[in-house]
Amino acid sequence: MSGDDPGEPGGSERAAWPTDELESFELELYGEGPERRYRRMRPEVEAMPWDDFDASLYDEDVRIAARSAWTRAAFQEHRTAAATLVSLRALVEARAPVDLIGVATRFPQDELVHVELCARMAGVLGGGTEILHRPQELIRDPVSSLSPLMRAADIVVRLYCVGEAVSIPLLRGAWHAAKHPLPKAILGTIVRDEAAHGTFGFWFLDWALPRLGPGERAELAISAERAIAPIRSLWREIANGAAPQPDSEAHPLGWMRTDTYLETAHAAMQNHVLGPLRARSIPVRWL
Ligand SMILES: [Fe+2]
Ligand SMILES: [Fe+2]
């Protein structure tokens, strides 16, 4: 047990980090003992058919698009890893049920596995593409003036009830459509893990909602709408900018045609996000 005091002496004298600094999204493995232990915890990563993938079979433009798509997927998983950790802290502070938090402790590790899978897929395609980002802006923290329970509910709704819940049918669609055994195995692992993440948000709500009043439920609807807005504008961009794409083993959208993707996406939003939230008296709107 640690008795560390977070207020360190001399903290205010330290040089401030320039908050507008962009950093390159690059990752590494430590190797040796940490890698061996991690591999034992998650043997599915090394079990993937990495050696069966021959990137030279694909046209240059398809390869570049796929490298970029898998790198963006790795970055998205990296952001989700940070969000799952923020949610864990909020759940602990809210004194959510121990078994519920215990289930969620696996999620950051799942997301790191997804980061590695997507980054390695970009690697076998020829290497990751450049992503510049501000590490301190990876995720939006819950508002500190809220109660511990509402802080937890805010991030759980944004991350699990919207973000994770809407992505599951999309990932499952991509998994169904993937033809090559390597992306199929990668997507299969991610889909399996994400199914538990999507369920978790609604488990949490079923515990938390009896403790919240109508005003707080309305606040949670706003949390959900904040998470839905960027997803919706991304879908609009896809709808406006892209004609239906041919099926391809290395298509950047994850092996679904654009029209199939958008159809699946809208159905996922209705059935896995808006429906379950409204059924719990969270009056979320599709703005
Ligand atoms: Fe993930
Ligand atoms: Fe996830």
**Fill in**
Note on the stretch 117-196: alpha-carbon gyration tensor, axes a ≥ b ≥ c; rule is a/c under 1.5 for rounded, else prolate if a/b larger than b/c, else oblate; result oblate
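According to the square roots a ≥ b ≥ c of the eigenvalues of the Cα gyration tensor, what is the shape class of the chain, taking rounded for a/c under 1.5, prolate for a/b larger than b/c otherwise, and oblate for the remainder? Write down the numbers at each step before the final one.
Details: a/c = 1.70, a/b = 1.24, b/c = 1.38.
Oblate, since a/c reaches 1.5 and b/c is not below a/b.
Sorted by mean Cβ packing within 10 Å, highest first, what order do the peptides 93-103, 116-126, 215-225, 151-161 take?
Details: 93-103: 14.2, 116-126: 20.6, 215-225: 18.1, 151-161: 26.3.
Put in order of decreasing packing, that is 151-161, 116-126, 215-225, 93-103.
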**Message:** Per residue, how large is the accessible surface of the chain? Use a 1.4 angstrom probe and give square angstrom.
**Reply:** 53 Å²
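Sort 202-211, 64-73 by the packing proxy (mean of other Cβ within 10 Å over each peptide's residues), most packed first. Mind dumping the intermediate values first?
On the way: 202-211: 16.6, 64-73: 20.8.
In decreasing order of mean packing, 202-211, 64-73 become 64-73, 202-211.
Expressed as a rounded percentage, what relative contact order does the stretch 1-133 have, with Cα pairs under 8 Å and six or more residues apart?
Values: 88 pairs, mean separation 51.8, N = 133.
RCO, the stretch 1-133: 39 percent.
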**Complete:** Phi-derived 3J(HN,Hα) across the stretch 135-142 with the Karplus relation (6.51, -1.76, 1.60, θ = phi - 60°), rounded Hz, x for Gly and Pro, is x, 6, 10, 4, 9, 9, 6, x
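Just add up the charged neighbours of Ala122: K/R +1, D/E -1, any other residue whose Cβ is under 13 Å from the Cβ of Ala122.
Working: positive: Arg63, Arg67, Arg72, Arg120; negative: Glu26, Glu77, Glu116, Glu130.
That works out to 0.
Probe radius 1.4 Å, ligands and nucleic acids ignored: give me the carbon and sulfur share of the accessible area of the chain as a rounded percent. Intermediate values should be presented prior to the final figure.
Details: 8350 of 15340 Å².
Carbon and sulfur together cover 54 percent of it.
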**Prompt:** So how much slack lies between Val103 and Ala196, counting 0.36 nm per residue of separation and subtracting their Cα-Cα distance, in nm?
**Reply:** 32.6 nm
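Report the calculated FRET efficiency for Ser144 and Ala239 (r = Cβ-Cβ distance, R0 = 51 Å), to the nearest 0.05. Show your work: numbers first, answer last.
Values: r = 37 Å, r/R0 = 0.73.
My answer for the efficiency is 0.85.
Once you sort the root eigenvalues of the Cα gyration tensor of the stretch 45-184 as a ≥ b ≥ c, which label holds: rounded (a/c under 1.5), prolate (a/b larger than b/c) or oblate (the other case)?
On the way: a/c = 2.68, a/b = 2.09, b/c = 1.28.
Prolate is the answer for the stretch 45-184, as a/c is 1.5 or above and a/b outweighs b/c.
The values are calculated or read from the model by the stated rules, or taken from the named source; none is laboratory data. Because the structure is a prediction, the values reported are computed rather than measured. Cβ: placed from backbone, ideal geometry, glycine included. Neighbour counts: every protein chain shown. The protein model used for the area step is the full one, side chains on, heavy atoms only, and it has no ligands, DNA or RNA in it. Shrake-Rupley method; radii C 1.70, N 1.55, O 1.52, S 1.80 Å.
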